[in-house]
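Worksheet: the structure to be examined is printed underneath.
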Amino acid sequence: MSSPTNAVSTDTPRAKSGRIRDILTRGKGRVPMLQLVMLTTLIILGASLIPGFTRLNSVYSMLIIASFLGLAALGQTLVVLLGGLDLSVPAFIVLSAMLTSELYGTYGWPFPAIAAFIVLVSLVVGGISGYISHKYRVQPLIVTLGVGTVVTGATLIWIGGKQPGSAPAFLSNFVSPVGTTFGLKIPPAVVLWCLLAVGIGLILRHTKFGKSLYATGSSIRAAELALVPTRRIWVSAFSLSALSAAVVGALLAGFSGSADLTMGDPYLFQSLTAVIVGGTAFGARGDYWHTFIGALLLTVLSTILIGVGFSSSDQTIIYGILILVVVAGYSRDRALRDRV
Amino acid sequence: MGLQPVSEENTPATSVTPVLRVEKVAKSYGHTRALTACDMELFSGEILAVMGENGSGKSTLVKILTGVQNLDEGTLSMDGRRLRPFSNPVDGISAGIVAVFQEVPIIENQTVLDNIWVGYDGVFRNRLRKAEKRHIADKVLKVLLGRQLDLDQHTESLSLSDQQACCIARALVKKPKILILDESTSALDIATRDRLFKTCSELTGEGTSIIFISHRMDEVMAIADRVTVLRSGRTVGHFTRGEATPEVLVSSMTGKTFAQAEESVDVRTPGLDGKVQLETQDLKLSAESKGINFHLRKGEVVALAGLEGHGQDHFLRALWALEPVAGAVVAYTKNQAQKITSPADAVRASIVYVPRDRRTEGIFPNQSIGDNFSIATMSQDVQFGVVKPSRSLTRLKAFKETLKIKMSSDRDPITTLSGGNQQKVVLARWLASEPDVVLLNDPTRGVDLGAKRDIYALMRRMTQQGVSFIVLSTEVDEILEIADRTLVFRENNVFVELDRTMTTREKLVSSFFGHEDSQ
């Protein structure tokens, strides 16, 4: 720290370099530089290692896989910003996939009715997690584990071991690499993901809800004393987390034609990894755009790993190392920023 | 009270070497000098009281003696031998120094017996047989409480007084050479306290020395053989039993040199039209408290004072409905009576509260200065659902000028600011809502002098516009400077109400200690 007199005497030259440094440090908070560099490196690496990596079809395939992951990590991002973890993501994925295929294939509900039902159920049940965690000050980790188990159990009882029906055909187009959006040759799932990313990103930065969410995540006591409706914020974040998982569930049902009880499992660890690798952390740092990059990064990485012939257990190890690298880089970054 | 004076043979002979000698001990926390030069001698079998205002360095001294903190300078010696500085609490205990603190650190979900013997055994080794532990614990508790206590019940079911007795017992079973009682009587009921004092004189008869720290003059008068007074981190006086009258102690604690603080008195406007803005009706801070009927008038600055933990914090928070209390808080700010039952009510009545602990209750770390500032007034900036930062920036700029907030961009994280500037932003957060009544909970704690001036200047300007303030302050100088009226709290009651013209440093401090008429 420089003394005040010092700062005054060197005002002009300092101001200039200070401004540049300002832009850099401010950029660091908003733009995940480290992650973008890693992503670019990985893409170059993939293009040189794997034949056909840059073909439009494989790019779309990767983007679709990334959109599943990214959407599953959307709500997770909000929950992490509040300082919690949502372990019920897989449960809502499975519930929604089951509802989509069973209600459509076996009971013959029209899809809009199914969609409305799924939205309602996930918002309400997800909200319950948020309410309980906030009201009784319980670790969301535990509450969502409990709620997730109940949801999974209920799904199991309802399905009762039989093969669920099949998902509507248009959902398959929605998530197909050759699917089209209003005539454009872009898979609708990718369009949906990008729109949501922009939307959520703007909501977080520029609305009262977003600012209140950051305040609550940063210091819940200070937020309460500033009359931020913290419970409403918690309920909304967990509702949205369940909803985003449910969206992934419906898309996955379209992707595989039906549903099974384990299809949500990989998304717990991966959604968290996408959030953390993206650079969002407890204490309200980061945003959904970080997670967006994180999801892309993970998908490209796993595509390369599979392409080069790594097993899934090797992949897990590499994910773990990736988390450590990013977290280490992040804490360095924080120390730097505090010093500047 | 009601205690016989300590017997004659406890008075120490002056020629013997002291059990404990503290020489020129200094300790700083960052830039804050908690102790600058502390000297003290403790003789075998005596009770030495250490007194001083809040922030005089008593707690730091205790922390050094018990090994919780390292000293920066100075020496400690026991029985004439110089001690290696303690590096952790275990060193203190093995040297025979054991302390009991004001807070009651019982371990819940554990029995009374386990609580008393906690930390005595090793991890795998029992140093005493259980039956023996029971026997000793029983004996000590019987002496302290005058009755048997079930050793197998869980401590959380005990009364606060009994819990504190357990903590004292925890110290006593270690058979300390030097026992430090740091405000540890505040949680005890009178009967237990008297028994503790009796136990103390018995212990001193066996050669134990006791350092007794208390804010209660009557207790000090009752049991201390000698008194050492600290002021702003220095030892300023030693008094024997005969010399230590309340008047002498108070003037020693406050320091004569500060008596001319009167000069800095500035022009004050004692209320523009005297309209009542806020009142409490029979507000009770505890079941035994008397009801408080308090009125706050327009443009007035009322200070809440007293020793830490005597109800002033509770009172201030109750005004914003943050604490459950009996009685009512009524606001008249909007030209009609409105009961305050929640913080939202208070804000609707244009009453705002700036919390005490900036780090945990004030700032949003990692968030920008702008977001930290605008959080309470954001609704003004919303247009078509979008928060327009330009509007809050205009408001922030106004405060940046009046409060002289030193910052470069409102988009920098708040943590890049100094403590004083962070506090200014937190203050500005609520002042920006153009309140009629502002409740400030120790607004200048840990804030440097320049920043204090800026804050006082803004307060003065606002009172001229008819804004009223209630300020909890732990600093006597601050109260003397800003308050039109001061409520001194003692044991959850308003002990005395002092008008500006009547307020002197001596009067204030002696009323903290429960004396209404010094001078």
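A few comments on the model shown:
- The stretch B:401-414, subset more than 23 Å from residue A:284 (Cβ to Cβ) and either free of Cβ contacts under 8 Å to residues at least 40 places away in the same chain or surrounded by fewer than 19 Cβ atoms within 10 Å (Cβ to Cβ) (or both), residue farthest from the chain's Cα centre (by Cα): B:401
- Residue match in the stretch A:49-61 (condition: closer than 22 Å to residue A:236 by Cα, in contact (Cβ under 8 Å) with a residue 12 or more places away in the chain and part of a helix (DSSP H, G or I)): no
- Condition met for residue B:417 (away from every other protein chain (no Cβ under 14 Å), buried (at least 19 other Cβ atoms within 10 Å of the Cβ) and farther than 24 Å from residue B:302 by Cα): no
- Of the helices (runs of 4 or more DSSP H) lying entirely inside the stretch B:430-519, those carrying at least 1 residues that are polar (S, T, N, Q) and buried (at least 22 other Cβ atoms within 10 Å of the Cβ) are B:449-464, B:505-512.
- The residues listed here are A:218, A:244, A:212; of these, the one that is buried (at least 18 other Cβ atoms within 10 Å of the Cβ) and either away from chain B (no Cβ under 14 Å) or within 19 Å of the chain's Cα centre (by Cα) (or both) is A:244.
- Residue among A:184, A:213 that is more than 30 Å from residue B:373 (Cα to Cα) and out of contact with any Gly (no Cβ under 7 Å at 6 or more places or on another chain): A:184
- Some residue of the stretch B:398-407 being of a type in the set (Asp, Glu) and touching a helix residue (DSSP H, G or I) at 6+ places or on another chain (Cβ under 9 Å): no
- Members of the stretch B:336-353 that are within 30 Å of residue B:415 (Cα to Cα) and in a helix (DSSP H, G or I): B:343, B:344, B:346, B:347
- Within the stretch B:482-499, the set of residues being touching a helix residue (DSSP H, G or I) at 6+ places or on another chain (Cβ under 9 Å) and within 22 Å of residue B:456 (Cα to Cα) comprises B:482, B:483, B:484, B:485, B:486, B:487, B:488, B:498.
- Just one of (1) more than 7 Å from every other protein chain (Cβ to nearest Cβ); (2) of a type outside the set (Val, Ile, Thr); (3) surrounded by fewer than 19 Cβ atoms within 10 Å (Cβ to Cβ) fails for residue A:206. It is (1).
- Going through (1) within 7 Å of chain A (Cβ to nearest Cβ); (2) of a type in the set (A, V, I, L, M); (3) in contact with a Lys or Arg (Cβ under 7 Å, 6 or more places away or on another chain) one by one, residue B:347 falls short only on (3).
- When each of B:34, B:95, B:49 is tested for being surrounded by 21 or more Cβ atoms within 10 Å (Cβ to Cβ) and either under 25 Å from residue B:16 (Cβ atoms) or assigned by TED's automatic domain parsing to the domain that holds residue B:306 (or both), the lone residue that passes is B:49.
- The residue that is surrounded by the fewest Cβ atoms within 10 Å (Cβ to Cβ), among those in the stretch A:221-239 that are out of contact with any Leu (no Cβ under 6 Å at 6 or more places or on another chain) and away from every other protein chain (no Cβ under 14 Å), is A:236.
- Tally of residues being within 20 Å of residue B:63 (Cβ to Cβ) and out of contact with any Leu (no Cβ under 6 Å at 6 or more places or on another chain) across the stretch B:183-218: 6
- Residue in the stretch A:280-293 that is more than 14 Å from chain B (Cβ to nearest Cβ), farther than 20 Å from residue A:61 by Cα, in contact (Cβ under 8 Å) with a residue 24 or more places away in the chain and polar (S, T, N, Q) present: no
- For the criterion of being modelled with pLDDT under 85, away from chain B (no Cβ under 14 Å), over 19 Å from residue B:367 (Cα atoms) and in a helix (DSSP H, G or I), residue A:326 passes.
- Selection within the stretch B:426-443 - away from chain A (no Cβ under 12 Å) and within 29 Å of the chain's Cα centre (by Cα): B:427, B:428, B:431, B:435, B:436, B:437, B:438, B:440, B:442, B:443
- Which numbered condition residue B:46 misses (of (1) at pLDDT below 90; (2) more than 26 Å from the chain's Cα centre (by Cα)): (1)
- Subset of the stretch B:375-387 (residues that are within 9 Å of chain A (Cβ to nearest Cβ) and either farther than 28 Å from residue B:316 by Cα or crowded, with 16+ Cβ neighbours inside 10 Å (or both)): B:375, B:376, B:378, B:381, B:382, B:385, B:386, B:387
- Residues of the stretch B:460-481 that turn out to be of a type outside the set (Val, Ile, Thr) and touching a helix residue (DSSP H, G or I) at 6+ places or on another chain (Cβ under 7 Å), as a count: 6
- Members of the stretch A:171-185 that are in contact (Cβ under 8 Å) with a residue 24 or more places away in the chain, of a type in the set (A, V, I, L, M) and surrounded by fewer than 19 Cβ atoms within 10 Å (Cβ to Cβ): A:178
- Flag if residue B:144 is touching a residue at least 24 places away in the same chain (Cβ under 8 Å), part of a helix (DSSP H, G or I) and over 24 Å from the mean Cα position of the chain (by Cα): yes
To keep it simple, each residue is scored yes or no on (1) more than 30 Å from residue B:59 (Cα to Cα); (2) not in a loop (DSSP other than H, G, I, E, B).
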position: B:296; (1), (2): yes, yes
position: B:304; (1), (2): no, yes
position: B:313; (1), (2): no, yes
position: B:334; (1), (2): yes, no
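- Among (1) assigned to a helix (DSSP H, G or I); (2) more than 14 Å from every other protein chain (Cβ to nearest Cβ); (3) under 30 Å from residue A:57 (Cβ atoms) - the single one residue A:186 does not satisfy: (1)
- Boolean, residue B:311 is within 29 Å of residue B:508 (Cβ to Cβ), more than 14 Å from every other protein chain (Cβ to nearest Cβ) and crowded, with 19+ Cβ neighbours inside 10 Å: yes
- Taking the criterion of being outside any helix (DSSP H, G or I), charged (D, E, K, R) and facing chain A (nearest Cβ under 7 Å), no residue of the stretch B:354-374 qualifies.
- Count of the stretch B:6-23 residues, restricted to those that are surrounded by fewer than 15 Cβ atoms within 10 Å (Cβ to Cβ) and modelled with pLDDT of 60 or more, is 2.
- All positions within the stretch B:321-348 that are touching an Asp or Glu at 6+ places or on another chain (Cβ under 9 Å) and crowded, with 23+ Cβ neighbours inside 10 Å: B:329, B:331
The values are calculated or read from the model by the stated rules, or taken from the named source; none is laboratory data. Computed from a prediction, not measured in an experiment: that's the story for all the values here. As a convention, Cβ positions derive from the backbone with ideal geometry for all residues, glycine included, and neighbour counts pool all protein chains shown.
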